[in-house]
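A quick write-up on the structure given underneath.
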Amino acid sequence: QVQLVESGGGSVQAGGSLRLSCAASFISDVYIMGWFRRAPGKEREFVAAITWRTGSTSYADSVKGRFTISRGNAKNTIFLQMNSLKPEDTAVYYCAAGYSRNYDAPANYNYWGQGTQVTVSS
């Protein structure tokens, strides 16, 4: 059973930075891990993903150039470095893991963390 635990959320002013972490206990054949977010009144949306074995990354257009997803040296942690934050980045951020090569749809992920709140004030 895969378990994912996020940390690192908080409140920051526009233009600031936050770093989210996701600690995972997982079986070896998880193919991809990703970050999603859900803003109030909106659907959960894709933010970034990384393939576990190769480290290949993908990003939503709205965060390209500002956010960076990476793997930790311990190989059971991923990070989301968020720079130049905007008020529209305010959301609950979720870490997810799955076996599918289709990285941008929530339905393609099998395991989810509990979420961590990120609030960006103007």
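With point charges of +1 on the Cβ of Lys and Arg and -1 on the Cβ of Asp and Glu, referenced to the Cα centre of the chain, which listed residue (93, 39, 18) lies farthest in the positive direction of the dipole?
18
Choose one answer from 109, 59, 31: the residue with the largest mean-square fluctuation in a GNM of the chain with alpha-carbon springs under 10 Å.
Residue with maximal mean-square fluctuation among 109, 59, 31: 31.
Using label points projected 7 Å from each Cα along Cα→Cβ, tell me how many nm separate residue 86 and residue 14, to one decimal.
Spacing of the two 7 Å Cα→Cβ label points: 1.0 nm.
Above 12 Å lies some portion of the pair distances; for the range 70-122, what is it as a whole percent of all C-alpha pairs?
Cα-Cα pairs of the range 70-122 separated by over 12 Å account for 73 percent.
Be a star and scan the range 1-38 for residues whose amide nitrogen sits under 13 Å from the point 7 Å along the Cα-to-Cβ vector of residue 62.
It comes to 36-38, nothing else.
Could you tally the net charge around residue 49, taking each other residue with its Cβ under 11 Å from the Cβ of residue 49, Lys/Arg +1 and Asp/Glu -1?
Counting the neighbours of residue 49, the net charge comes to 0.
What whole-number volume per residue, in cubic angstrom, does the convex hull of the C-alpha atoms of the chain give?
Here the figure is 93 Å³ per residue.
Quickly work out the residue 70-to-residue 107 label distance, labels modelled 7 Å from Cα along the C-beta direction, and quote it in nm with one decimal.
Inter-label distance under the simple model: 3.5 nm.
Work out the length of the dipole vector of the chain about its Cα centre, built from +1 on the beta-carbon of each Lys and Arg and -1 on the beta-carbon of each Asp and Glu, and round it to the nearest 20 debye. Can you show the working numbers first?
Values: 12 positive and 8 negative charges, 41 e Å.
Dipole size: approximately 200 debye.
Determine the relative contact order of the chain: mean sequence separation of Cα pairs under 8 Å and six or more apart, normalised by residue count, in whole percent. Working shown, then result.
On the way: 309 pairs, mean separation 42.6, N = 122.
The value is 35 percent.
Looking at the range 46-115, which trypsin sites (Lys or Arg not before Pro) are in a loop (DSSP not H, G, I, E or B) and have at most 16 other Cβ atoms within 10 Å? Don't skip to the end; give the middle numbers.
Details: sites: 53, 64, 66, 71, 75, 101; in loops: 53, 64, 66, 75, 101.
When the trypsin sites (Lys or Arg not before Pro) of the range 46-115 are filtered for loop state and at most 16 Cβ neighbours within 10 Å, 53, 64, 66, 75, 101 remain.
Using a 1.4 Å probe over the heavy atoms of the protein chains, calculate the carbon and sulfur portion of the accessible area of the chain as a whole percent.
45 percent
The values are calculated or read from the model by the stated rules, or taken from the named source; none is laboratory data. All of these numbers come straight from a predicted model, not from anything done at the bench. Methodologically, a virtual Cβ is constructed for each residue, glycine included, from the backbone with ideal geometry; neighbour enumeration extends over all protein chains shown. The accessibility values were calculated without ligands, DNA or RNA, using every heavy atom of the protein model including side chains. Shrake-Rupley method; radii C 1.70, N 1.55, O 1.52, S 1.80 Å.
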